[in-house]
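This report concerns only the one structure given below.
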There are 2 protein chains.
Amino acid sequence: MNRSPHSRAAAPSPTFSPLYRQIKDLILKSLEAGEWQPGDAIPSESELAVRFNVSQGTVRKAIDEMAAENLLVRRQGKGTFVATHSDPRSFFRFLRLIPNEGELQPSTSVPIECGRAKAGADVARMLGLAPGAPIIIMRRLLELGGEAVVFDEIYLPGELFQDLTLDVLKQSDKSLYDLFESRYGVRMIRAEERLRAVAAEGVAAELLHVDEGSPLLLVERVAFTYGNKPVEWRRGFYATRNFHYFNELA
Amino acid sequence: MNRSPHSRAAAPSPTFSPLYRQIKDLILKSLEAGEWQPGDAIPSESELAVRFNVSQGTVRKAIDEMAAENLLVRRQGKGTFVATHSDPRSFFRFLRLIPNEGELQPSTSVPIECGRAKAGADVARMLGLAPGAPIIIMRRLLELGGEAVVFDEIYLPGELFQDLTLDVLKQSDKSLYDLFESRYGVRMIRAEERLRAVAAEGVAAELLHVDEGSPLLLVERVAFTYGNKPVEWRRGFYATRNFHYFNELA
DNA sequence: GTTCAGTCTTTTGTCTTATAAAAGACATAA
DNA sequence: TTATGTCTTTTATAAGACAAAAGACTGAAC
């Protein structure tokens, strides 16, 4: 570690970075290496301070940033924990769909199909794979309060999800990202979504019980794991009769 | 100010709040009162520390939070500045529309109509007004790279925007929120958006040059100023042939 | 035995102080 | 005129001391 970043004698150091950020990188590396599992407590601030030979305040600032990025969760008096998709609070972060009126509905994922294929040009580009690399294609329906609301087509790199089959999906009662995290060790930490209005057609129209040509909200998503690595591409058709996509501009 | 929040002798204080948050509230009050204008520098951290009789670090933590909320902007070596909508960087925050391919386009606002009316039940509810209170209704088209992409219907409380007319809008070359801020002293700091897909009809279809019944993205927005006070309700129809709504889930 | 109140330990949170880096103005020498 | 150094003002970083929150543990009261 560069412990004397301020001495400019030796190197004007284009790679300069303050102490707390170096600590952050170290913690991130431990996280990525699986030293602490999702839901687990990480060592206390003072322990980490001793381990890295810095003050508690410096460790704290590193953790502050990671908590702001939803990688860690602090609880006063208890400790700091690795964020997990099994925590229901982290759920809404990745499904911004709420009813036009009334309370939030419990959601059910209905797997329809899950197979293997070779990446076409578009999927390869989105996932940073070579064209022809093995991928998994999954289709599923999302029901909210008994109503079919979202039809998803999901593309995953085959390498990371070796034994993922339709059966595995049907067995699981967790959310997809919870499953990915607990069974395959792939943690989604960030996503980009692109929204358009399109006309319903084919399977989507049928499964969502809407007329051909009626408007649907198309949500395309790329989800990233540690190191900004894309590991999921998804195309979702949302029927927005009774639900809408909620977003806060802050 | 409650300078000894930790002494529990006097009051178990259900309204306890740490020092830095009390400072934050004070700075916020100054901001709200217009003591410093958008774009201006606020006093330095050490000046504020003297003024409030606390340490620089405590002022700093207060400002940190406000910078995270986009109320203030820090610049090392220069000072801390009141955020402003005239800063182009703050622009994308409130218009999340980007081209499917190619660079970001410069946008032009084309005012169509601007009149006064009395608030109906729905607008009154959204803006926290009494039904029948005076409001302003404005319609406009947003063009990106020469193409008509968004048709907006905007509802404002009449009281806050006294002399706002179609002419004023036509005269201005600023963004709407920049105009609101500089001319009426109303600063938008946060907004909630609800998105749906709908079928194009009437004026919207016509102005956006799309067929009746073709899909449009409907974006309903409530925008808030200081103290979480709603001061704008807006219904926007987005034609998403060549553009899409971009959102980051972080 | 069970319950309740106090006490102790461990954890994150708050606040202060000292010092570094960044930016720019200004003077001065080439 | 142009560069170069120096001084001042600003935010940024780092460390240390102490407070509040949470929970486990102890032991007395019943």
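A few remarks follow.
- The other copies place their residue A:116 label points at 7.2 nm from this one, listed shortest first, where each point is 7 Å from Cα along Cα→Cβ.
- A prolate overall shape is assigned to region A:158-216, the ratio a/c of its alpha-carbon gyration tensor axes (a ≥ b ≥ c) being 1.5 or greater and a/b exceeding b/c.
- Relative contact order (%) - criterion: Cα under 8 Å, at least six apart; region: chain A: 15
- Placing a pseudo-label 7 Å from each Cα along the Cα-to-Cβ vector at residue B:168 and residue A:51 gives an inter-label distance of 5.9 nm.
- Dividing the convex hull volume of the alpha carbon atoms of region A:88-245 by its residue count gives 114 Å³ per residue.
- Ratio Rg/Rh, restricted to the protein assembly as shown and using Cα atoms, in which Rh is the Kirkwood radius: 0.98
- Per-residue mean of foreign Cβ neighbours for B:186-198 is 6 (Cβ atoms of other chains, 10 Å radius).
- Signed unit charges on C-beta, dipole axis of chain B, positive-most listed residue B:105, B:244, B:72: B:72
- Pair residue A:130, residue A:203: separation of 7 Å Cα→Cβ label points (nm): 2.8
- Share of carbon and sulfur in the accessible heavy-atom surface of the protein assembly as shown [1.4 Å probe, %]: 51
- Protein heavy-atom accessible area occluded, A/B pair - total, 1.4 Å probe, Å²: 2700
- Positive-end extreme of charge dipole, chain B - chosen from B:198, B:231, B:214 (charges on Cβ): B:231
- Counts of other chain beta carbons within 10 angstrom of each beta carbon in peptide B:239-249 average 6.
- Position residue B:131: other-copy label points at 6.2 nm, ordered by increasing distance, label point 7 Å along Cα→C-beta.
- Remark: chain A carries a charge dipole of roughly 1180 debye about the Cα centre, counting +1 on each Lys and Arg Cβ and -1 on each Asp and Glu Cβ.
- Under 5 Å, built H, 5+ apart or other chain: amide partners of residue B:214: B:200
- Take chain A with all the other protein chains still there, run a 1.4 Å probe, and you get 50 Å² of accessible area per residue.
- Each other copy holds its own label point for residue B:220; taking that point as 7 Å from Cα along Cα to Cβ, the gaps run 2.8 nm, nearest first.
- Anisotropy class of region A:44-161 from Cα gyration tensor, a/c 1.5 cut: oblate
- From the alpha carbon centroid of region A:178-250 to that of region B:93-172 is 29 Å.
- Taking amide H as placed 1.01 Å from N in the peptide plane, the amide H of residue B:232 sits under 5 Å from that of B:223, each at least 5 places away or on another chain.
The values are calculated or read from the model by the stated rules, or taken from the named source; none is laboratory data. Quick caveat: nothing in here was measured; it's all calculated off a predicted structure. Cβ coordinates were reconstructed from backbone atoms using ideal geometry, including for glycine residues, and neighbour counts include every protein chain displayed. Accessible surface areas use protein heavy atoms only, side chains included; no ligands, DNA or RNA. Shrake-Rupley method; radii C 1.70, N 1.55, O 1.52, S 1.80 Å.
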